[in-house]
Each structure stands twice: as structure tokens, then as C-alpha cells.
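Enquirer: Quick one: structure below, then a few questions.
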Amino acid sequence: MSNHSQMISRDERIAAMLLHYEVERFYYDEAALLDAHRYDEWLALFTDDAHYFMPIRRTRTQREMDKEFTKPGEMAFFNDDKILLAGRVAKLKTGRSWAEDPPSRTRHLITNVRIVKDDGRTLEVESNFHVYRTRLNSEETSWIGLRRDLLRRTDGSFQIADRKIYLEQTVLLSRNLSNFF
Amino acid sequence: MSFDTRQIDDLVSLERGEVDRRIYTDPAIFELEMERIFARSWLFLCHESQIAEPGDFFQAVMGRDNVLVVRQKDGSIKAMLNTCAHRGNAVCRAEEGNAKSFLCTYHGWSYGIDGRLNGVPGHNTFYKGNLDKSRHGLAPVAQVANYRGFIFGTHDAAAPPLEEFLGATGRLGLDTIALRGDMEVVPGIQKFVIECNWKIAVDNLFDWYHPQITHASAFQPSVLPSTNRLENAPVEKIDLSGVNMQSGAGLDLPGNGIIGTKFDQVVVLGEYGHAIGGPTTSSTGYFEFDPSWRENPRTKTALGPVGCKVGGHPNIFPTTWATVTQPQISLRIPRDPTHTEIWWFTFVDRNMPREMRDFMVTMACRIFGPAGVLEQDDGENWAQATAQTRGIASRRIKHLLNMGIGRGKIIKEGGLARIESLTSEYGQLWTYYSWAQWMKGLSWEELKQATTPGDCI
Ligand code: FES
Ligand SMILES: [Fe+2]
């Protein structure tokens with residue numbers, strides 16, 4: 001690793017840092033939109049062909065870890081295309097989406113951002129999240145997990161073309177998932 | 001604390017359609033439910049397709065007993081308690097998978113997939129061969145049976161055979177899934193926890209009064225594909241005079257088949273507390289993504305003329321709900337008086353075209369389950385309905401299930417007892433009434449008698 005980093009030039013390293021900075025800033029802006037319930041603007045961050053997927057996780061033995069998460073085509077918690085995501089946003093705006101009225105208080109903390117692949121057009125990025133939610137006076141939920149995104153470069157920014165959300169829970173310890181990740 | 005029969009009768013009134021709110025939070029009542037309902041009733045464990053190969057297992061819940069349902073080498077299915085015969089440890093800690101044997105990780109007792117105790121560390125050295133291994137296998141569930149691929153178990157060796165327990169109503173409920181084709185469960189059981197009493201979750205499955213309000217946002221065009229099968233059917237909206245939002249504005253509901261006076265319902269009442277409630281198949285409220293199976297001659301013969309009309313939600317007492325829109329089973333598993341685990345099993349026909357299968361899986365994720373646009377709005381109602389029964393004063397108020405009370409003429413035809421009406425609360429009330437009979441600890445014969453529908457509700 002250190003050999004490698006010595007081999008790449010200072011300019012390349014600065015370029016990598018800038019890219020990292022841009023991706024992080026993109027995520028922070030995205031999180032801010034969600035926490036402010038600005039869902040239309042959040043939706044616009046997705047490409048029209050986007051897939052938004054949160055698999056079901058199962059407690060299995062080490063030997064069967066390849067079957068820990070369900071795969072596309074199997075059951076999931078979220079399995080949305082952009083039209084479905086737009087439907088969810090439309091639902092939230094009806095004024096009759098009771099599970100979010102009074103609205104949940106959420107805070108999205110995005111950390112450990114890693115650009116794992118970059119082919120010039122699309123980035124594959126992993127990040128950790130902690131979505132903290134409270135509802136009413138006593139309900140408190142913490143969802144922690146990993147997001148694996150495909151970010152497509154657009155002029156000056158990115159769009160999310162694919163998001164896989166891996167939660168650190170098998171039996172979901174909350175009554176619903178009325179929020180986004 | 002124990003309850004005598006009269007005290008139990010006081011908890012549910014079939015005449016008034018009232019339920020005592022104590023049944024939702026009282027720990028003594030919960031304990032009695034575990035003993036008199038969940039230790040006796042047949043309970044759904046899993047579908048045979050989930051454990052196709054020898055050694056495949058699925059961990060199910062019966063009351064508070066964790067149960068391993070395991071496919072055997074000869075193709076049969078066994079269910080046993082997941083507790084070591086030595087000192088109780090769970091012998092399997094995975095939710096599902098494939099096993100060649102079950103090793104208890106405490107002291108190493110090792111069981112075959114048939115539950116037989118095969119190995120005991122130090123059997124000769126420490127026990128001097130004095131431990132009879134044949135007597136210490138995993139305890140089998142008292143009875144296990146398969147109805148059209150649905151595996152059920154009961155802790156009660158004296159329980160009537162599964163088919164008899166299901167009766168015409170329960171069988172009809174399961175047939176509405178089984179008859180759709182060569183059914184299999186799609187990998188991935190959604191599991192989540194709601195802070196509610198299990199009975200509030202169960203009674204809701206018959207509740208066709210709530211969707212138009214609770215799920216008003218989900219029925220907004222563009223959220224779901226239209227759920228009105230009869231697009232052009234005249235839908236007369238129900239009266240909403242005096243129904244206002246907190247803002248004072250009137251409640252404006254999307255026009256849709258779920259709402260209205262053309263919503264013909266048929267409620268089927270069965271022995272042991274099974275019931276089916278919801279629209280008839282010719283009602284504006286009836287909707288299925290793929291109703292083609294209903295045209296099948298096999299379906300018509302199997303369901304009979306009355307069964308064919310039933311387009312609502314079956315519940316196999318106590319906690320197994322089969323859905324209609326698309327074939328799914330939802331279990332409401334009581335964890336404690338105020339926590340219920342919901343498990344969703346999603347079915348598809350093995351011979352379905354890939355596209356249709358993908359559509360069904362997508363819709364299953366989209367409608368029900370914790371992120372489902374319908375179900376995400378259910379939990380808070382149930383949690384708050386449970387929570388409010390804790391207050392001493394709030395608890396004195398009865399839960400009302402009296403919609404249509406006294407007007408539900410029971411028609412007995414084709415082996416089924418049914419009530420035809422508009423939206424009603426007969427299905428819920430029948431469930432609570434039957435619950436009370438179970439809670440009395442009657443003999444199986446007496447229980448069947450007590451839960452045989454009369455002439456009118
Ligand atoms: S408790 Fe299982 S071997 Fe001792
Ligand atoms: Fe509902």
C-alpha cells in the first residue's frame with residue numbers, strides 16, 4: 001500500500017482527495033435534504049434508471065454467509081425503481097401519510113466513505129450510515145449499516161444509479177421503514 | 001392469577017360487540033394465552049418449498065418455543081424443539097440453512113437432523129456408558145402435518161387432525177394460495193417488531209373499514225397501481241360529514257374501489273375461530289394482481305359456489321393470515337403482551353413467467369412489510385391502540401366491534417357459514433369470541449361446540 005502510494009504522483013493524490021471531497025459533499029448534501037424532509041430534491045439525485053434495494057438479512061452459520069443477504073429477484077425490504085421512489089415521495093406529500101405525521105425526526109450520519117472503483121463515468125462507493133430516528137415522545141430507532149452506491153458523473157456532480165442498503169439487523173427492530181436511507 | 005370461565009365471558013361480549021381492554025396488556029392473560037391457545041392450537045411453521053433438500057431447516061416459533069423444521073433424508077418433514085436435552089441450550093442458532101447435524105455448543109451433544117442424539121462427548125469416559133442416548137433426543141413437536149404444502153405443528157398430542165382443525169373455512173383460506181399453481185416461497189422472510197398486542201394485529205386483517213383512512217396516502221394515484229378492478233364501476237363515496245382533519249379541513253379521500261357503498265362483503269365464520277372477511281369477488285373492493293386462477297375449473301370445483309365468491313382475508317386461528325391481492329402469509333407472533341413480531345412469507349407459482357414473478361416480488365415488497373406503502377402506516381395505530389389500554393381510566397372503556405351487530409344473519413350453505421353485508425366487524429368479533437372460548441381451557445369437543453356459528457351475530 002505505502003509502496004503504491006509512493007509510486008503515484010502528488011498530483012494524482014490531490015486529484016483523488018478532491019474526488020473524495022466531492023463525493024463526501026454530495027452525501028452530506030443528500031443527508032441534509034432527507035433530514036429536512038426535502039424529498040423532491042432528494043428524488044432528483046437519482047437517475048431515471050435507478051434501483052434502490054435493501055435486502056433481507058438472515059442469521060446463518062459462517063459456512064453459509066454467501067446466503068446471508070437476499071439478492072435482487074428475491075424478497076427485500078426495499079426493491080424500488082425511480083417510479084416507485086417517486087410514489088413514496090408523492091405519498092409523503094399527501095398530508096395523509098400518518099406514519100410521518102407528526103413527522104419523524106431523523107439525522108443521517110454518513111461516514112467511512114470509500115471510492116472502491118472508478119471507470120471515469122461511474123464510481124462505485126461504499127459508505128457507512130447511522131440513521132437515527134425518534135417518533136412521538138418515546139420511540140427511538142437506530143439503523144446502522146452499509147450503503148453501496150453506483151454514482152454516475154453528471155456535470156459537476158453525481159447521480160445515484162444504484163443503491164444497495166445493508167442493515168445490521170435481521171429481524172427489523174422497528175415497526176416500519178417510513179424513512180429513506 | 002387465574003381466570004374462571006365467568007370472568008373470561010366478561011371479557012368479550014358477542015351480543016354487544018365489546019371487548020375488555022385488559023386483554024391487550026394484562027400479563028396474566030398473556031400467560032394464559034400461551035398455555036391455552038399457543039400450546040394447543042395448530043400453528044403454521046413454514047411451507048415445504050422452504051426446506052426442499054435433506055437437512056434444510058427453518059426455525060419457527062410456537063408460542064415461546066423455538067422449533068426446528070427439518071427436511072429428512074426420506075423426504076419427510078420433522079419438527080423438534082430447539083433445546084438441548086442436556087441443559088437447554090439452543091442446538092441451532094441460525095434462522096435457516098442446511099445442516100448435516102445439530103451440535104450443541106455448550107458441552108457438545110450432537111444430534112442428527114432427525115433429532116436423534118448421536119454423540120455425547122465423554123460418553124464412555126465420564127458417563128461410563130450409563131446415559132441412554134435413545135432417551136435424550138431433541139423433543140419432537142407433538143404433531144406435525146402438511147396441508148397442501150403448508151406445514152403446521154401443535155404441542156397438543158390430543159389435538160384433532162390438522163384438516164379437521166382447519167375445517168372448511170381454514171382449508172378455503174389456505175386453498176386461496178395453494179390453488180394458484182405450483183406454489184413456492186420466494187427466499188427472504190420479512191420479519192419485524194411492532195409494539196402492539198398480537199390480537200390488535202390479528203383483528204386488523206379483517207378490518208376493511210380502516211384502509212380508506214389509514215392507507216389514504218397509499219391509495220393516492222401514482223403511489224400504487226390502481227386497486228380498483230372495476231375501473232368504471234360507479235363508486236359512491238361513503239358519508240364523511242363531520243369528518244375533519246386536525247387543521248379543520250374536511251378529510252378528502254381518493255376515489256377508489258376500497259371506498260363506497262358498492263363494497264359488498266362476505267364474512268365466513270369457522271369453528272375454532274377461523275374466519276375470512278372482506279369483499280366478494282364481484283365487489284368494487286376486490287382486487288388481485290393475477291386472478292386468472294379463479295377461472296380454472298379445478299378452482300371452481302375445489303372452492304365450490306360459495307367459496308368462489310370469497311375475495312377477503314382468511315385467518316387461520318390464531319395468527320396465520322393469508323392475503324388476497326397476491327399470495328402471502330403473514331404471521332403475527334406474540335412476543336410479550338405489547339410486542340408482536342410480523343413475519344411475511346411471499347408465494348409465487350413456480351411456472352410463472354419470469355416477468356410476472358419479478359412483478360409479484362416487487363409488489364410484495366412495495367405493499368406490505370415494514371416499508372410497504374400500506375403497512376408502514378398500520379404499526380403506529382396498533383402501537384397507540386395498545387398503549388392507550390394501559391391507563392386505568394382508558395382501560396375501562398370497551399373496544400367496539402359492533403358495526404352491523406344484530407344484523408348479521410348467518411347463512412349455512414356448502415359447508416360454510418357466512419354473513420353477507422357491507423363493511424362490518426363480524427370477522428373481528430368472531431375472532432375475539434372464539435379467543436374467549438379457547439381461554440376457558442375447554443376440551444377439544446367442547447371448544448368445537450362453543451365455536452360453531454349460530455344463526456345471527
Ligand atoms: S446443554 Fe447441550 S450439551 Fe450441555
Ligand atoms: Fe392496514
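The values are calculated or read from the model by the stated rules, or taken from the named source; none is laboratory data. It should be emphasised that the depicted structure is a prediction, and the values quoted were computed from it without experimental measurement. Heads up, the Cβs are rebuilt from the backbone with ideal geometry, glycines too, and the neighbour counts pull from every protein chain shown. Note: areas computed on protein heavy atoms with side chains; ligands, DNA, RNA excluded. Shrake-Rupley method; radii C 1.70, N 1.55, O 1.52, S 1.80 Å.
Enquirer: Please note which helices (runs of 4 or more DSSP H) are completely contained in region B:356-449 and include at least 1 residues that are within 16 Å of ligand 2 (Cβ to nearest atom).
Expert: Of the helices (runs of 4 or more DSSP H) lying wholly inside region B:356-449, those with at least 1 residues that are within 16 Å of ligand 2 (Cβ to nearest atom) span B:378-387, B:426-439.
Enquirer: Among residues belonging to region B:329-355 that are polar (S, T, N, Q), more than 8 Å from chain A (Cβ to nearest Cβ) and in a strand (DSSP E or B), point out the one that is surrounded by the most Cβ atoms within 10 Å (Cβ to Cβ).
Expert: Across region B:329-355, the extreme among qualifying residues is B:THR340.
Enquirer: Please go through region B:85-96 and give me each residue that is within 16 Å of ligand 1 (Cβ to nearest atom) and without any contact (Cβ under 8 Å) to a residue 40 or more places away in the chain, ordered by number.
Expert: B:ARG87, B:GLY88, B:ASN89, B:ALA90, B:CYS92, B:ARG93
Enquirer: Okay, next question. Return the pair list, or none, for Cβ contacts closer than 8 Å from residues in region B:369-386 that are more than 8 Å from chain A (Cβ to nearest Cβ) to residues that are of a type in the set (Phe, Trp, Tyr) and not in a helix (DSSP H, G or I), at least 6 apart or on different chains.
Expert: From residues that are more than 8 Å from chain A (Cβ to nearest Cβ), the pairs are B:LEU374/B:PHE368.
Enquirer: Let me ask another. What number goes with the only condition from (1) open to solvent by less than 30 Å² (accessible area, probe 1.4 Å); (2) within 14 Å of chain A (Cβ to nearest Cβ); (3) away from ligand 1 (no atom under 16 Å from the Cβ) that B:VAL69 does not pass?
Expert: B:VAL69 satisfies all of (1) open to solvent by less than 30 Å² (accessible area, probe 1.4 Å); (2) within 14 Å of chain A (Cβ to nearest Cβ); (3) away from ligand 1 (no atom under 16 Å from the Cβ) except (2).
Enquirer: With the requirement that a residue be open to solvent by 50 Å² or more (accessible area, probe 1.4 Å) and modelled with pLDDT of 90 or more, what does region B:250-278 give you?
Expert: B:GLU271 - this is the single residue of region B:250-278 that is open to solvent by 50 Å² or more (accessible area, probe 1.4 Å) and modelled with pLDDT of 90 or more.
Enquirer: Which of the strands (runs of 3 or more DSSP E) found entirely inside region B:1-84 contain at least 2 residues meeting this: within 18 Å of B:TRP438 (Cα to Cα)?
Expert: B:43-47
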